[in-house]
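Asks: To start, I am sharing the structure in question, which I have written as structure tokens.
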Amino acid sequence: METAPFTVAIDGPAAAGKGTLSRAVAAQFGFGHLDTGLLYRAVGAQVLSGRDAVEAARSLDREALEDPALRTAEVAQAASKVAVIADVRAALLDFQRAFARRAGGAVLDGRDIGTVICPQAEVKLFVTASAEVRAGRRLAELQARGDTTDFETVLADVKARDARDSDRAEAPLRPADTAHVLDTSDMTIEDAVARAVGLVEAARS
Ligand code: DC
């Protein structure tokens, strides 16, 4: 039997650990997971190939989200740039809201899930960590994939995206009023997952 919709909104800055937390929460409760950053990355990647951002957002195809090339730092910056465009955000809204209310529960992670996409989400988390900690984690991920970038470059990248994501007029990055703020700077991933799972369990009972 399929259970009723239940939405977990997980927001936060780049490389705060939203993806790891979201996947763990989704696996724990059998919920679907949507990494909404991939939507903006897919649009950003198409802009890098010369397409119009709004057109790309309006005709986005789910298969484009599977492309491993969306994980590069270049695409991340392009995503952060297209994400300031109101018509791009509007074109991606319905898909995200429909996913959030799917039967059986959903976890969405991004920047504006608790504030704009799903203000009625049953659980809202704002996951953060210092820019240095986030850059260190991102560097380890990139190096594991064979990238030879250095800490200073990754830190500058994280800070540039923080500024663009937080200072934009449309759906800026900020915690929803009712979000639980989780600073993972000094937490292990296991601790962070346990906190998130506990919050979801409490909201479901
Ligand atoms: O989560 P990410 O690093 O994959 O996101 C890439 C960019 O997409 C991010 O810098 C800003 C944008 N984004 C957004 O504006 N809103 C979201 N819900 C998710 C991502």
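The values are calculated or read from the model by the stated rules, or taken from the named source; none is laboratory data. Just so we're clear, the structure is a prediction, and the values are computed from it rather than from any experiment. Every residue, glycine among them, receives a Cβ derived from its backbone with ideal geometry; neighbour counts consider all protein chains shown. Surface areas here come from the heavy atoms of the whole protein model, side chains and all, with no ligands, DNA or RNA. Shrake-Rupley method; radii C 1.70, N 1.55, O 1.52, S 1.80 Å.
Asks: Could you check the stretch 69-88 and list, in sequence order, the residues that are free of Cβ contacts under 8 Å to residues at least 40 places away in the same chain, of a type in the set (Val, Ile, Thr) and within 15 Å of residue 51 (Cβ to Cβ)? It would help to see each step written out before you state the result.
Replies: The initial filter retains those residues of the stretch 69-88 that are free of Cβ contacts under 8 Å to residues at least 40 places away in the same chain, namely 69-70, 72, 74-75, 78, 87.
Filter once more, so that each one left must be of a type in the set (Val, Ile, Thr): 72, 75.
Within the stretch 69-88, 75 is the sole residue that qualifies.
Asks: Okay, next question. Which count do you get for residues in the stretch 29-68 that are part of a helix (DSSP H, G or I) and either without any contact (Cβ under 8 Å) to a residue 12 or more places away in the chain or more than 14 Å from the chain's Cα centre (by Cα) (or both)?
Replies: Of the residues in the stretch 29-68, 18 are part of a helix (DSSP H, G or I) and either without any contact (Cβ under 8 Å) to a residue 12 or more places away in the chain or more than 14 Å from the chain's Cα centre (by Cα) (or both).
Asks: Is there a residue in the stretch 135-146 that is within 18 Å of the chain's Cα centre (by Cα), part of a helix (DSSP H, G or I) and closer than 24 Å to residue 28 by Cβ?
Replies: Yes, the conditions are met somewhere in the stretch 135-146.
Asks: Just name the residue that is surrounded by the most Cβ atoms within 10 Å (Cβ to Cβ) out of those in the stretch 41-100 that are charged (D, E, K, R) and under 19 Å from residue 15 (Cβ atoms).
Replies: Here the residue is 41.
Asks: What's the total number of residues in the stretch 148-158 that are in a loop (DSSP other than H, G, I, E, B) and either aromatic (Phe, Trp, Tyr) or open to solvent by 40 Å² or more (accessible area, probe 1.4 Å) (or both)?
Replies: 2
Asks: Of all residues in the stretch 82-131, count the ones that are charged (D, E, K, R) and assigned to a loop (DSSP other than H, G, I, E, B). Step through it out loud before you land on a result.
Replies: Kept after step one, since they are charged (D, E, K, R), are these residues of the stretch 82-131: 87, 89, 94, 97, 101-102, 109, 111-112, 122, 124.
Pick out the ones that are also assigned to a loop (DSSP other than H, G, I, E, B) and you get 101-102, 111-112, 122.
Residues meeting the conditions: 5.
Asks: In the stretch 161-179, which residues are part of a helix (DSSP H, G or I) and either more than 21 Å from residue 69 (Cα to Cα) or open to solvent by 70 Å² or more (accessible area, probe 1.4 Å) (or both)?
Replies: 162, 163, 164, 165, 166, 167
Asks: Answer yes if at least one residue in the stretch 104-111 is open to solvent by 20 Å² or more (accessible area, probe 1.4 Å) and among the charged types (D, E, K, R), and no otherwise. Quick ask: steps written out before the conclusion?
Replies: If we filter the stretch 104-111 for residues that are open to solvent by 20 Å² or more (accessible area, probe 1.4 Å), which is where we start, we get 111.
Now restrict to residues that are among the charged types (D, E, K, R): 111.
For the stretch 104-111, residues open to solvent by 20 Å² or more (accessible area, probe 1.4 Å) and among the charged types (D, E, K, R): present.
Asks: I'd like to check something: does the stretch 174-186 contain any residue that is out of contact with any strand residue (DSSP E or B) (no Cβ under 9 Å at 6 or more places or on another chain), within 15 Å of the ligand (Cβ to nearest atom) and touching a residue at least 12 places away in the same chain (Cβ under 8 Å)?
Replies: The answer is no, given that none of the residues of the stretch 174-186 is out of contact with any strand residue (DSSP E or B) (no Cβ under 9 Å at 6 or more places or on another chain), within 15 Å of the ligand (Cβ to nearest atom) and touching a residue at least 12 places away in the same chain (Cβ under 8 Å).
Asks: Follow-up. If you check residue 16 against the conditions, is it aliphatic (A, V, I, L, M), in contact (Cβ under 8 Å) with a residue 24 or more places away in the chain, within 14 Å of the ligand (Cβ to nearest atom) and open to solvent by less than 20 Å² (accessible area, probe 1.4 Å)?
Replies: Considered against the rule, which asks whether it is aliphatic (A, V, I, L, M), in contact (Cβ under 8 Å) with a residue 24 or more places away in the chain, within 14 Å of the ligand (Cβ to nearest atom) and open to solvent by less than 20 Å² (accessible area, probe 1.4 Å), residue 16 comes out as yes.
Asks: Going through the stretch 89-110 one residue at a time, which ones are within 9 Å of the ligand (Cβ to nearest atom), under 20 Å from residue 47 (Cβ atoms) and out of contact with any Leu (no Cβ under 7 Å at 6 or more places or on another chain)? Let's see the steps before the verdict.
Replies: Here is the first cut: in the stretch 89-110, the residues within 9 Å of the ligand (Cβ to nearest atom) are 89, 92, 96, 108-110.
From what's left, under 20 Å from residue 47 (Cβ atoms): 89, 92, 96, 110.
Result: 89, 110.
Asks: State whether one or more residues within the stretch 140-147 are open to solvent by 20 Å² or more (accessible area, probe 1.4 Å), modelled with pLDDT under 95, under 18 Å from residue 16 (Cα atoms) and touching a helix residue (DSSP H, G or I) at 6+ places or on another chain (Cβ under 6 Å).
Replies: No, the conditions are met nowhere in the stretch 140-147.
Asks: Of (1) in a loop (DSSP other than H, G, I, E, B); (2) open to solvent by less than 50 Å² (accessible area, probe 1.4 Å); (3) touching a Lys or Arg at 6+ places or on another chain (Cβ under 8 Å), residue 5 satisfies all except one. Which?
Replies: Of everything listed in (1) in a loop (DSSP other than H, G, I, E, B); (2) open to solvent by less than 50 Å² (accessible area, probe 1.4 Å); (3) touching a Lys or Arg at 6+ places or on another chain (Cβ under 8 Å), residue 5 misses just condition (2).
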